[in-house]
Amino acid sequence: MLTKLAGGRVYDPANGRDGAVGDLFVRDGRIVADPGPGAAPDEVHDLSGRVVMAGAIDIHSHIAGGKVNIARLLMAEEHRAAAEEPCGCRGLATPSTHATGCRYAQMGYTAAFEPAMLPSNARHAHLEMADIPLIDTGGYLVLGNDDLLLELLASGAGEAAVADYVGFMLNATRSLAVKAVNPGGINAFKYNQRRLDVDENGPFHAITPRRILTALAGAVQRLGIPHPLHLHGFNLGVPGNVEATLDSIAAVDGLRLHLTHVQFHAYGAEGDRKFSSAAARVAEAVNRRPNISVDVGQIMFGQTVTASADTMAQMNNAGLAHPKKWVMMDIECDAGCGVVPFRYRDKAFVNALQWAIGLELFLLIEDPWRIFLTTDHPNGAPFTSYPELIRLLMDRDYRLARMAELHPALPEHTILGALTREYSLGEIATMTRAAPARILGLTDRGHLGPGAVADITVYTDRPDRRAMFEKPDLVFKDGRLIVRDGVVVAFLQGRTHVVEPAYDPTIESWMARRFDERMGQRLTHFRIAEEEIRGGNGLIRHACQPGSF
Amino acid sequence: MCPFCGLGCDDLTIEEEPPSTLTVRSTDCPVAREGYSRTTAAEPPRVAGIPVPLEEAVEAAAAVLAAAQTPLVAGLGTDVDGARAALALAERLGAVVDHALSDGLYRNLAVLQRTGWIATTLAELRNRCDLLLVAGPDPAALHPRLFERWVAPAPALQTPPSREVVFLCGEPLDSTRAALSGLSVTVLAGDSARVGDAAASLAAALADPSRASGTASIAAGDIAALAERLAKARYAVVAWAAAAFDGTHADLTVERLVQLVRDINRHTRCAGLPLAGHDNVVGVNQVCTWRFGVPLRTSLAGGAPLHDPHRFAWARYAAVADAVIWVSAFRPEVPAFPAEQTVIALAPPGTAFVDEPAVFIPVGTPGIDHSAHVFRSDTVVALRARGLIDRGLPDGASVLKAIAAALPEEAPAC
């Protein structure tokens, strides 16, 4: 079946198209070259005047796994309130799998990635992601607090052995990338350490966070995993943590590194309130170093829930819980989880400045290929607030108007008012489509060239960018129309994106012994079989290119 | 991989003697032995007691359910796929959903939802815990190999690798004593119905052991000594099996234990280990929570799921339900329902009924007849149990999907 999308303004940065009018052709779920005047499309959509982009891709959104379910349990109030609305599933911080897929698709997203899959919880995360309809998914594996890796490092293992370990773990857990969360810190918290400096030896394995960070960044490079090490850095939320953030950038010494929810890591400790924006310093460092990418983790005002593997940071924040209840878990000798409900208040100085710091980062970091639109769902805000965020980036007047409603001391603590940049549609398409696909190694997604999967979103060009991005006219997934005028019109199942880096399997006998001695689970049972992912019909493998970066 | 009690033992040796007799050789765990011994030969489905082909039984079940006004989809002793299918069917029907064994789970979840908690998992217990406090009746009665597999081995990630075990308001079973023979074990037997009071006394004594008061038939000196040990432990774990607690408000006992754990954490590390998990109750609750945003004991009757742990507990709702579909794939047991109630039972062959159900469809057991995903007791680890034999029984998920498919067509909503 041949479908023609005729006459839209196409924003396809990966292929150098920035709003030029053109046709797209779709056959069997993929975009094909113009078949020429002789071809008779089975279906034609007249898109004159409409804006056409690839389906959007969220590189960092907590959509599945143990902590998400704990967050749902803890946020029973929001579900109870929602049950009283006619369709009570809009804008929740803890949507069900079904609502997650629907809300993403309704906003023109066709993929979202769970950025914190613990090794021991990976099977659960995959079972849950398979129940998210409509969109593609995948998970980043959390390493860097696993006792096995720390023991390996402490034993003086070389780069090759560390890479073999990471390679095994990615294959076994069917992951797409490697995530490090407060490397060493979660492990230290299990020994009652509430802080750990970057150059301080951890309590049991006597390894420094810096060593863990560089070892993982090196392993990612050595294995040729497309996505750089995805780092949730040190001292999340602590005033003055910018020093550790800049130090992390320096520590990897030119290796590729992705700093996630960097808004939470761009805080100074200056000024009368000992809390200041360090966005300009972070942006300057990112602008100067092409090996660094970031996603923002923008906060938006309202009730949400924070869920993180970073028990050390979450325990420090537990006193701020709203409502006053929270969950911490130490997990299976590989990480932890902390779930703390939180309400960001626009009249609170700290929250207002967090909001401004996020926007400063968006506007000061110049290259839209290296900065990504996230709220760290649900930590900064539910992902359903993306359209509002896009409006803030594209519309300076709106931004200033919103700023005027916030805490009165805000203007003297942020340069936001002086920033005149407004994102263009092309930059939005880069940041939410082309760049996420490229940085994850998804070669046939995020663009509209021949051979790409036909994940396509069509918008009406409205001056109110929030309204525009909230409700696309048409969304196609694998060439099938799934959303029309904001309504889901067809259900289908997404795919699971993974990498399978090559590694030396001799590491497995060492690991198998450790599993037998400690984990109460055999290594062969830990490994997730292909047929366990979406019943065996869901894996999409992406190539690793060792040494290519 | 044993799917029955939620400990996830994957070191079993099981022998098959044709036709289809399984014997566990490697352990005398009574739960594993009994679970694997139930391999009665397949039998045909029955409608009103009369053997019929599967398709006919499915049609009959669908007809009953299509006519029901207040259906209940419960039991839910099934694997992840079975839970998905059962919950999808319940959504189609606008039914109430619950698991047969959710009483113990809800004592824990009630506290999680009210106050939150600090918890841990089995491998953390095994490798880091230097002081295990077992609160209330010995959980080994429900999870027989808990001590052998997760407590007896020395903690690999603690220096020195020492561990002691204290039983509070409960006495260890003989098998537990045997498993812990190499460890320091203290028993403060006390009054098992008052374990919550003992926890409160311990919490009060943490700050100043000299002000400890005796409670639950435990002397003040013992409370003081234990409080001191908890405060000095490097990684204490407080474990309990809420299903074994007595009384109608046992969640308050859990709440006091959770509060004790939280208080100890002000100074050192401590974590709770709420044990539950027979018949995959933990896994089914996980699936329900991710699919609906709310846990079991939920009504799907009015559009958005409505969770109410009191109203929608199956034993209570059964009194008003006009049709019940009961899934019990792990054990040949189905509770007695009022004689006038229309019951559709999915259970292993050989299940004995007080009253013959309207429809009985024999199904295979997860981890015996088919591969299955189940969750471990600590809620974190999902396990895959492979099928061992083929008795020619359908799995619960496919029967439930077939029933849903036989219902009148209906468009899915977003």
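The values are calculated or read from the model by the stated rules, or taken from the named source; none is laboratory data. All values reported here derive from a predicted model rather than from experimental measurement. No Cβ is skipped: glycine too gets one built from the backbone with ideal geometry, and neighbour counts run over all protein chains shown. For the accessible areas, the whole protein counts, side chains as well, though only heavy atoms, and no ligand, DNA or RNA atoms are used. Shrake-Rupley method; radii C 1.70, N 1.55, O 1.52, S 1.80 Å.
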Residue by residue through the range B:158-207, note down the ones that are assigned to a helix (DSSP H, G or I) and open to solvent by less than 20 Å² (accessible area, probe 1.4 Å). B:T176, B:V195, B:G196, B:A198, B:A199, B:S201, B:L202, B:A205
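Does the range B:243-254 contain at least one residue that is free of Cβ contacts under 8 Å to residues at least 24 places away in the same chain and closer than 30 Å to B:V327 by Cβ?
As a first pass, look at the range B:243-254 and keep what is free of Cβ contacts under 8 Å to residues at least 24 places away in the same chain: B:248-249.
This time we only want the ones that are closer than 30 Å to B:V327 by Cβ, so: B:248-249.
For the range B:243-254, residues free of Cβ contacts under 8 Å to residues at least 24 places away in the same chain and closer than 30 Å to B:V327 by Cβ: present.
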Hits in the range A:278-334 (condition: within 13 Å of chain B (Cβ to nearest Cβ), assigned to a strand (DSSP E or B) and out of contact with any Ser or Thr (no Cβ under 7 Å at 6 or more places or on another chain)): A:T306, A:A307, A:V327
Any chance B:V381 is within 14 Å of another protein chain (Cβ to nearest Cβ), under 26 Å from B:G8 (Cβ atoms), in contact (Cβ under 8 Å) with a residue 60 or more places away in the chain and among the hydrophobic types (A, V, I, L, M, F, W, C): yes
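Just one of A:V166, A:V178, A:V162 is more than 9 Å from every other protein chain (Cβ to nearest Cβ), surrounded by fewer than 24 Cβ atoms within 10 Å (Cβ to Cβ) and touching a helix residue (DSSP H, G or I) at 6+ places or on another chain (Cβ under 6 Å); which is it?
Values: A:V166 fails: surrounded by fewer than 24 Cβ atoms within 10 Å (Cβ to Cβ); A:V178 fails: surrounded by fewer than 24 Cβ atoms within 10 Å (Cβ to Cβ).
Only one candidate qualifies: A:V162.
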I'd like to check something: does the range A:349-369 contain any residue that is among the small types (G, A, S), more than 10 Å from chain B (Cβ to nearest Cβ) and open to solvent by 10 Å² or more (accessible area, probe 1.4 Å)? no
Whether any residue in the range B:85-99 is surrounded by fewer than 24 Cβ atoms within 10 Å (Cβ to Cβ), within 18 Å of the chain's Cα centre (by Cα) and within 14 Å of chain A (Cβ to nearest Cβ) is what I want to check. no
Quick check: anything in the range B:45-66 acidic (D, E), under 17 Å from B:P348 (Cα atoms) and more than 14 Å from every other protein chain (Cβ to nearest Cβ)? no
Take the conditions away from every other protein chain (no Cβ under 14 Å), more than 30 Å from B:V111 (Cα to Cα) and among the β-branched types (V, I, T) and apply them to B:V327. Does it pass? no
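Answer yes or no: is there a residue in the range A:60-68 that is over 29 Å from the mean Cα position of the chain (by Cα) and not aliphatic (A, V, I, L, M). Let's see the steps before the verdict.
Quick first cut of the range A:60-68, residues over 29 Å from the mean Cα position of the chain (by Cα) only: none.
Within the range A:60-68 (the criterion being over 29 Å from the mean Cα position of the chain (by Cα) and not aliphatic (A, V, I, L, M)), the answer is no, since none of the residues qualifies.
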State whether one or more residues within the range B:263-270 are in a strand (DSSP E or B) and basic (K, R). yes
Hits in the range A:486-543 - residues which are aliphatic (A, V, I, L, M), within 14 Å of chain B (Cβ to nearest Cβ) and in contact with an Asp or Glu (Cβ under 9 Å, 6 or more places away or on another chain): A:L492, A:M519, A:L523
Is there any pair linking a residue in the range A:33-50 that is at negative phi to one that is part of a loop (DSSP other than H, G, I, E, B) and aliphatic (A, V, I, L, M), with Cβ under 7 Å and at least six apart or on different chains, and which? A:D42/A:M1
Qualifying residue in the range B:71-85 (condition: under 15 Å from B:L388 (Cβ atoms) and free of Cβ contacts under 8 Å to residues at least 60 places away in the same chain): no
How many of the residues in the range A:507-535 are open to solvent by less than 30 Å² (accessible area, probe 1.4 Å) and more than 24 Å from B:P155 (Cβ to Cβ)? 5
B:L300: more than 28 Å from A:Q193 (Cβ to Cβ), surrounded by fewer than 24 Cβ atoms within 10 Å (Cβ to Cβ), within 13 Å of chain A (Cβ to nearest Cβ) and modelled with pLDDT of 95 or more, yes or no? yes
Looking at the range B:110-142 only, could you name the residues that are more than 19 Å from A:G336 (Cα to Cα), of a type in the set (A, V, I, L, M, F, W, C), open to solvent by 10 Å² or more (accessible area, probe 1.4 Å) and within 13 Å of chain A (Cβ to nearest Cβ)? B:A110
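Out of the residues in the range A:192-220 that are among the small types (G, A, S) and part of a helix (DSSP H, G or I), which is surrounded by the fewest Cβ atoms within 10 Å (Cβ to Cβ)?
Filtering the range A:192-220 down to residues among the small types (G, A, S) leaves A:202, A:206, A:215, A:217-219.
Now restrict to residues that are part of a helix (DSSP H, G or I): A:215, A:217-219.
Numbers: A:A215: 27, A:A217: 25, A:G218: 18, A:A219: 27.
So, considering only residues that are among the small types (G, A, S) and part of a helix (DSSP H, G or I), the one surrounded by the fewest Cβ atoms within 10 Å (Cβ to Cβ) is A:G218.
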Looking across the range A:56-79 at residues that are more than 7 Å from chain B (Cβ to nearest Cβ) and part of a helix (DSSP H, G or I), the single one that is surrounded by the fewest Cβ atoms within 10 Å (Cβ to Cβ) is A:E77
Name every residue in the range B:251-297 that is within 14 Å of another protein chain (Cβ to nearest Cβ), buried (at least 24 other Cβ atoms within 10 Å of the Cβ) and acidic (D, E), in order of residue number. none
Looking at the range A:417-426, is at least one residue hydrophobic (A, V, I, L, M, F, W, C) and under 26 Å from A:D12 (Cβ atoms)? yes
Conditions: (1) outside any helix (DSSP H, G or I); (2) open to solvent by less than 10 Å² (accessible area, probe 1.4 Å); (3) not acidic (D, E). A:A157 meets all but one. Number of the miss? (2)
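Would you call A:A529 farther than 24 Å from A:L153 by Cβ and without any contact (Cβ under 8 Å) to a residue 40 or more places away in the chain?
Numbers: farther than 24 Å from A:L153 by Cβ: yes; without any contact (Cβ under 8 Å) to a residue 40 or more places away in the chain: yes.
Answer is yes for this residue.
The rows are residues; the columns are (1) open to solvent by 20 Å² or more (accessible area, probe 1.4 Å); (2) not in a loop (DSSP other than H, G, I, E, B).
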residue: A:T457; (1), (2): no, yes
residue: A:L481; (1), (2): yes, yes
residue: A:A502; (1), (2): yes, no
residue: A:P505; (1), (2): yes, no
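Within the range A:45-55, is there a residue that is open to solvent by less than 10 Å² (accessible area, probe 1.4 Å) and closer than 19 Å to A:T137 by Cα? First the steps, then the outcome.
If we filter the range A:45-55 for residues that are open to solvent by less than 10 Å² (accessible area, probe 1.4 Å), which is where we start, we get A:47, A:51-55.
Checking which are closer than 19 Å to A:T137 by Cα leaves us with A:54-55.
Among the residues of the range A:45-55, at least one is open to solvent by less than 10 Å² (accessible area, probe 1.4 Å) and closer than 19 Å to A:T137 by Cα, which makes the answer yes.
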For the range A:448-495, give me each residue that is farther than 26 Å from A:A33 by Cα and β-branched (V, I, T). A:V487, A:V488, A:V489
Residue count for the range A:126-149, restricted to those that are under 15 Å from A:D334 (Cα atoms), part of a helix (DSSP H, G or I) and either open to solvent by less than 10 Å² (accessible area, probe 1.4 Å) or in contact with a strand residue (DSSP E or B) (Cβ under 6 Å, 6 or more places away or on another chain) (or both): 2
Exactly one of (1) of a type outside the set (A, V, I, L, M); (2) within 23 Å of A:L5 (Cα to Cα); (3) touching a residue at least 60 places away in the same chain (Cβ under 8 Å) is unmet by A:N379. Its number? (2)
From the list A:G254, A:G240, A:G297, A:G218, pick out the single residue that is touching an Asp or Glu at 6+ places or on another chain (Cβ under 7 Å) and at positive phi. A:G297
